Amino acid sequence: TIEFIVGPIENYEDQLYGYKTAHESFILIKDKAWSEKLEKYAAFLPGLQKALPCEPPYKNETPGVDSDMNVYDAIYYAGDCNAGSKTIAINLPNDEQVREDKGSRKLQLKNSMQAKFDKILVPISEVLIAEEQRKHVKFDAFFENTMFHEVAHGLGLGNTIDKSSTVREALKDAYTSIEESKADILGLWCVYQLNEMGEMGEKEMMDNFVTFMAGIFRSVRFGAASAHGKANMMRFYYFQETGAFERDATTGTYRVNFEKIKESMLSLSELVLKIQGDGDYETARKMIEEKGFIREELQKDLNRIGEAGIPRDIVFEQGAEILGIK
Ligand SMILES: [Zn+2]
């Protein structure tokens, strides 16, 4: 099965209000075996929505039930998606109304993910993750964290609890950063919750926590200017303040605390869901201003990744010649 995606899709380029979207397209080949494995998770969306770690009014919407989730190998990226950082997962459409009425589609780009894991995430963990925790950096955990980030975009609310506007309108220029924060932290929470429900098979949640931590270092190298970058920094400093990880000054590595990162994940999820439901622009702005940038100590650690020669992103060799059809 060949999938073709095209259109004006993401608003990352519009740094004024985040309304205008840029054109891009993908050509993908469906991975049927992996897609089947993922199919079962769509059925859990309504249950996950009900179980969200927040007060009832902040989860009082029904997520689209026919959301489908599939895995692909990408053979061509063009336009906005091939201009800077390379996306490894897509969740479309972005429009809340269409999502609520029709559900959404999640596309996981597995070959791009595997390349980033092997060439970037593992080498980063060898520099910045405490030695005894490096064994927890696993591709399956990376795949799950990324996959459930996309699932989590479908959780929470599309409209504020007083129904006066959409969350997007209420949070204006802060919306994208807060929405990405939600997807990141609730994505991790989905894995945790499904594991608690016994739906994840043999799993060590510590793998997901440590891989998630290594993932923050990978993502934040793209800078804190983008919505994803700000979301990463807010979470990093929230984790630091709540003791989810500690930096070992002698080795310059980071160590995750299992119990504390779990608590931190739950309280940050609740906070973000509340900001969205209240359409609380003030608190959203304040969080971005206080935490949405890279402080000096972290910058020095990021420089060590650069000095180790670890690439920031993958670059595609693509086209008819590579495919041997020219
Ligand atoms: Zn996202």
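Placing R0 at 35 angstrom, the Cβ-Cβ distance between residue 131 and residue 33 gives a FRET efficiency of 0.50 after rounding to 0.05. Given their separation in residues at 0.36 nm each and the Cα-Cα distance between them, residue 62 and residue 1 gain 18.9 nm when the chain is fully extended. Note on residue 165 and residue 206: the model spin-label points, each 7 Å out from Cα along the C-beta direction, lie 4.6 nm apart. Packing-based ranking of 284-291, 124-131, 170-177 yields 170-177, 124-131, 284-291, ordered from highest to lowest mean Cβ neighbour count within 10 Å. Structural descriptor for segment 240-309: relative contact order 19 percent, calculated from alpha carbon pairs under 8 angstrom and at least 6 residues apart.
Separation of segment 218-282 and segment 305-326, taken as the distance between their Cα centroids, equals 30 angstrom.
The mean of 1/r over all pairs of different alpha-carbon atoms in segment 159-217, once inverted, gives a Kirkwood hydrodynamic radius of 13.5 Å.
Here the contact order of segment 172-326, divided by its residue count and restricted to Cα pairs under 8 Å and six or more residues apart, works out to 27 percent.
Computed in the context of the full set of protein chains, the accessible area of segment 34-74 at 1.4 Å probe radius has 53% of its extent on carbon or sulfur.
Let me check against my output: what whole-number percent is the relative contact order of segment 2-307, with C-alpha pairs under 8 Å and at least 6 apart?
Working: 500 pairs, mean separation 54.4, N = 306.
It rounds to 18 percent for segment 2-307.
Every helix of 4 or more DSSP H residues in the chain counts as -39500 (n - 2.57), and over all residues that averages to -15000 deg cm²/dmol at 222 nm.
Computed over neighbours whose Cβ is under 12 Å from that of residue 305, the net charge equals +2, Lys and Arg +1, Asp and Glu -1. Extension gain, residue 83 to residue 250, is 56.2 nm, computed as 0.36 nm per intervening residue step minus the present C-alpha separation.
Please calculate how many Å² of accessible area the chain carries per residue, with a 1.4 Å probe and no DNA, RNA or ligand atoms counted.
Values: 14900 Å² over 326 residues.
For the chain, the per-residue accessible area is 46 Å².
Within a straight-line Cα-Cα reach of under 20 Å, residue 230 can be paired with the following lysines, leaving aside sequence neighbours fewer than 8 residues apart in one chain: 20, 86, 172, 182, 274, 286, 291, 300.
Model label sites at residue 314 and residue 73, defined 7 Å from Cα along the beta-carbon direction, differ in position by 1.1 nm. Would you tally the net charge around residue 279, using a Cβ to Cβ cut-off of less than 12 Å, leaving residue 279 out, and scoring K and R as +1, D and E as -1? Spelling it out: positives minus negatives among the neighbours equals -1. In this structure, residue 95 and residue 281 have a Cβ-Cβ separation that, at R0 = 22 Å, corresponds to a calculated FRET efficiency of about 0.60. Quick one: with all protein chains in place, what share of the accessible area of segment 272-326 is carbon or sulfur, to the nearest percent (1.4 Å probe)? Of the solvent-accessible surface of segment 272-326, carbon and sulfur hold 49 percent. Once neighbouring chains are kept in place and the probe is 1.4 Å, which whole percent of the accessible area of segment 147-271 is contributed by carbon and sulfur? With neighbouring chains kept in place, the figure for segment 147-271 is 46 percent. Over all Cα atoms in the chain, the spread is summed up by Rg and Dmax: 18.9, 58 Å.
The values are calculated or read from the model by the stated rules, or taken from the named source; none is laboratory data. Because the structure is a prediction, the values reported are computed rather than measured. Cβ atoms come from the backbone with ideal geometry, glycine included; neighbour counts cover every protein chain shown. For accessibility, only protein heavy atoms count, side chains too; no ligands or nucleic acids. Shrake-Rupley method; radii C 1.70, N 1.55, O 1.52, S 1.80 Å.
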